[in-house]
Amino acid sequence: DAKTTQPTSMDCAEGRAANLPCNHSTISGNEYVYWYRQIHSQGPQYIIHGLKNNETNEMASLIITEDRKSSTLILPHATLRDTAVYYCIVRVAGLSSGTYKYIFGTGTRLKVLA
Amino acid sequence: DAGVTQSPTHLIKTRGQQVTLRCSPISGHKSVSWYQQVLGQGPQFIFQYYEKEERGRGNFPDRFSARQFPNYSSELNVNALLLGDSALYLCASSLAVTYNEQFFGPGTRLTVL
């Protein structure tokens, strides 16, 4: 059922951009890509989502390749508080019309270094 | 504004027992989803409910069931507990099934001995 693959861990210097890649080569045309992060066993926190176009909000930017087989989450100026596990998720249509499943990957553990 | 709340925070059960976990969504949110997160892994989707109807189901055995009440709160039931059911159970709410952002609660930590 896995739809995404991510590196297990990454380090980033404080103040620098953190670029987190995700592979979703089997994604279908109407399936969205979401990013969430989870800080130390708290509930995951929504970051951003996209379908085809690149997206930007106050937290991050999402770059989706033209073939939609991969994407990159960019935290433009990483801080120590951005240390967390980052999940790339695909929202998959369920068997019945109007139903969905959210398929989490194994996540990337990002460590921001002072 | 109150976020998603879950109860209890922690729970210890023995094999074969049954457990009920509770979730209250953010006010105004009509959709609730349940996830299981085993230590060291990403959350696994169990159920999604909207307007008291099941709208999504993950690959979990029939020992897992859920329901949503008229006030949009939800319960997750697990029967005949196994050691492998030990996990953090997360509830997430959203305005509707197709609404993009899900808000997660802090979870219920279930330990099965």
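The values are calculated or read from the model by the stated rules, or taken from the named source; none is laboratory data. As the structure is a computational prediction, the values presented were derived from the model and not from experiment. Virtual Cβ from ideal backbone geometry, glycine too; neighbours counted across all protein chains shown. Quick note on the areas: whole protein, heavy atoms, side chains included, nothing else; ligands and nucleic acids left out. Shrake-Rupley method; radii C 1.70, N 1.55, O 1.52, S 1.80 Å.
Scanning the range A:76-114 for residues that are of a type in the set (Ser, Thr, Tyr), open to solvent by 20 Å² or more (accessible area, probe 1.4 Å) and either more than 21 Å from A:SER41 (Cβ to Cβ) or part of a helix (DSSP H, G or I) (or both) yields A:SER96, A:SER97, A:TYR100. Under 14 Å from the mean Cα position of the chain (by Cα) and either within 12 Å of chain B (Cβ to nearest Cβ) or of a type in the set (A, V, I, L, M, F, W, C) (or both): does that describe A:THR5? It is true that A:THR5 is under 14 Å from the mean Cα position of the chain (by Cα) and either within 12 Å of chain B (Cβ to nearest Cβ) or of a type in the set (A, V, I, L, M, F, W, C) (or both). Restricting attention to the range A:33-49, the residues being under 11 Å from the mean Cα position of the chain (by Cα) and modelled with pLDDT under 90 number 0.
Among residues of the range B:65-91 that are modelled with pLDDT of 95 or more, those with a beta-carbon under 8 Å from a residue that is of a type in the set (Asp, Glu) and exposed (fewer than 14 other Cβ atoms within 10 Å of the Cβ) at least six positions away or on a different chain give the pairs B:GLN68/B:GLU51; B:GLN68/B:GLU53.
Criterion first (open to solvent by 20 Å² or more (accessible area, probe 1.4 Å), in contact with a Lys or Arg (Cβ under 6 Å, 6 or more places away or on another chain) and within 14 Å of chain B (Cβ to nearest Cβ)) does A:TYR46 satisfy it?
Working: open to solvent by 20 Å² or more (accessible area, probe 1.4 Å): yes; in contact with a Lys or Arg (Cβ under 6 Å, 6 or more places away or on another chain): no; within 14 Å of chain B (Cβ to nearest Cβ): yes.
Spelling it out, it is not the case that A:TYR46 is open to solvent by 20 Å² or more (accessible area, probe 1.4 Å), in contact with a Lys or Arg (Cβ under 6 Å, 6 or more places away or on another chain) and within 14 Å of chain B (Cβ to nearest Cβ).
For the range A:32-43, filtered to residues that are within 10 Å of chain B (Cβ to nearest Cβ) and not in a loop (DSSP other than H, G, I, E, B), the residue that is surrounded by the fewest Cβ atoms within 10 Å (Cβ to Cβ) is A:TYR32. Per the conditions (1) among the aliphatic types (A, V, I, L, M); (2) under 25 Å from B:GLN6 (Cα atoms); (3) without any contact (Cβ under 8 Å) to a residue 24 or more places away in the chain, the sole criterion not satisfied by A:MET59 is (2).
The residues of the range B:41-55 that are assigned to a strand (DSSP E or B), free of Cβ contacts under 8 Å to residues at least 24 places away in the same chain and within 9 Å of chain A (Cβ to nearest Cβ), listed by number, are B:GLN44, B:PHE45, B:GLU54.
Taken over the range B:7-40, the residue count meeting the criterion of being open to solvent by 10 Å² or more (accessible area, probe 1.4 Å), assigned to a strand (DSSP E or B) and within 11 Å of chain A (Cβ to nearest Cβ) is 2.
Given the structure, is A:THR65 in contact with a Gly (Cβ under 8 Å, 6 or more places away or on another chain) and either of a type outside the set (Lys, Arg) or under 30 Å from B:THR9 (Cα atoms) (or both)?
Here the answer is no, as A:THR65 does not meet what is asked.
Just checking, does the range B:61-83 include any residue being within 14 Å of chain A (Cβ to nearest Cβ) and assigned to a loop (DSSP other than H, G, I, E, B)? Looking through the range B:61-83, none of the residues is within 14 Å of chain A (Cβ to nearest Cβ) and assigned to a loop (DSSP other than H, G, I, E, B). Hey, can you tell me all the residues within the range A:49-75 that are part of a loop (DSSP other than H, G, I, E, B), hydrophobic (A, V, I, L, M, F, W, C) and open to solvent by less than 50 Å² (accessible area, probe 1.4 Å)? Answer for the range A:49-75, where residues must be part of a loop (DSSP other than H, G, I, E, B), hydrophobic (A, V, I, L, M, F, W, C) and open to solvent by less than 50 Å² (accessible area, probe 1.4 Å): A:LEU51, A:ALA60.
All but one of (1) modelled with pLDDT of 95 or more; (2) touching a strand residue (DSSP E or B) at 6+ places or on another chain (Cβ under 6 Å) hold for B:HIS29; which doesn't? (1) is the only condition that B:HIS29 fails.
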